[in-house]
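The values are calculated or read from the model by the stated rules, or taken from the named source; none is laboratory data. Just so you know, these numbers come straight off a predicted model, no measurement behind them. Please note: Cβ atoms are built from the backbone with ideal geometry, for glycine as well, and neighbour counts cover all protein chains shown. Ligands, DNA and RNA are excluded from the accessible area calculation, which covers all protein heavy atoms including side chains. Shrake-Rupley method; radii C 1.70, N 1.55, O 1.52, S 1.80 Å.
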Amino acid sequence: MQIKCGVLFSADMRKTIKTGEWLTDQHMSLAQEILKGQFSHIDGWQSTLLVQIDRFIPTKGEAIQIHLVSDSHWVTSSSLGGKVTVYDCRKYNGRLSSTLTHQLCQVYRTMIEESDDKQNAYLAVHIPQVQRQCGSSDCGVFAIAFALHAALGHCVGDITFDQSKMRDHLLQCFKKRKLTPFPTVDKKARKRAESYIEVKVDVFCTCMMPDTYGDMVQCSTCQRWYHLKCADLLSLPSEDEWWCCSSCT
């Protein structure tokens, strides 16, 4: 058992990496702790366990964050270069789960924009095509690799990792408590074609969260939508009831 300051690298964590199982929040906590030390100028690196209490803190400046989303799947996001980007090794269809959109809107709240008519707001999310994993259990390893290489300023979409060597590499990095570039295939391999999807996540209410965040009610005066819990309502008003938000009362 190896222990220094911070997150413990236990025998169970080591075994999980070696046997090809899904990485846990403990692996992500250790990875992000190490990355935070190596890239202290980059914000983010918040505990992935915050998804359980829905309490991610808005970042300041450029940031990188690893997320746990549906089906025990790990992805990485960043706001490097002034845009929110999601790196997902499992699929490439531009669909974001409600779990992920909630996390993105909380972490990158300062990057939410108003629409041209200033009646609505949205978070623009850039989803580039990246290497897809073979099998189903290496998403956590890819998420850590994406986070490291994004922090190093590499174009993640152009990288083809040698998946057969990624777990052994991660194991050595954890033992040394330092993350170094993951093994890649022949550098002469053809670059992946530039391809991406741009998704606009509509946000509402004073909390600037999506409509999937909870039941909503529309102000009868300004026509803006609010989550019931943010409007201090226990239930939806009746259809013929006139309801106004705090700004319009």
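Yes or no, residue by residue, for (1) touching a strand residue (DSSP E or B) at 6+ places or on another chain (Cβ under 8 Å); (2) touching a residue at least 40 places away in the same chain (Cβ under 8 Å); (3) open to solvent by less than 30 Å² (accessible area, probe 1.4 Å):
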residue: Lys200; (1), (2), (3): yes, yes, no
residue: Asp211; (1), (2), (3): yes, no, no
residue: Asp215; (1), (2), (3): yes, no, no
residue: Thr249; (1), (2), (3): no, no, no
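Does the stretch 78-94 contain at least one residue that is surrounded by 15 or more Cβ atoms within 10 Å (Cβ to Cβ) and of a type in the set (Gly, Ala, Ser)? Checking the stretch 78-94: at least one residue is surrounded by 15 or more Cβ atoms within 10 Å (Cβ to Cβ) and of a type in the set (Gly, Ala, Ser).
Pairs are defined by a Cβ separation below 9 Å, a sequence spacing of at least 6 or placement on different chains, a first member in the stretch 54-69 that is open to solvent by 10 Å² or more (accessible area, probe 1.4 Å), and a second member that is among the aromatic types (Phe, Trp, Tyr) and modelled with pLDDT under 95; the pairs so defined are Asp54/Tyr213. Where strands (runs of 3 or more DSSP E) fall wholly inside the stretch 144-236, the ranges with 1 or more residues that are over 21 Å from the mean Cα position of the chain (by Cα) are 216-218, 225-227. Report yes if Glu21 is touching a residue at least 60 places away in the same chain (Cβ under 8 Å) and open to solvent by 50 Å² or more (accessible area, probe 1.4 Å), otherwise no. Taking the combined requirement at face value, the residue satisfies it. Scanning the stretch 74-111 for residues that are under 20 Å from Tyr196 (Cα atoms) and either in contact with a Lys or Arg (Cβ under 6 Å, 6 or more places away or on another chain) or among the β-branched types (Val, Ile, Thr) (or both) gives Val75, Thr76, Val84, Thr85, Val86, Cys89, Thr101.
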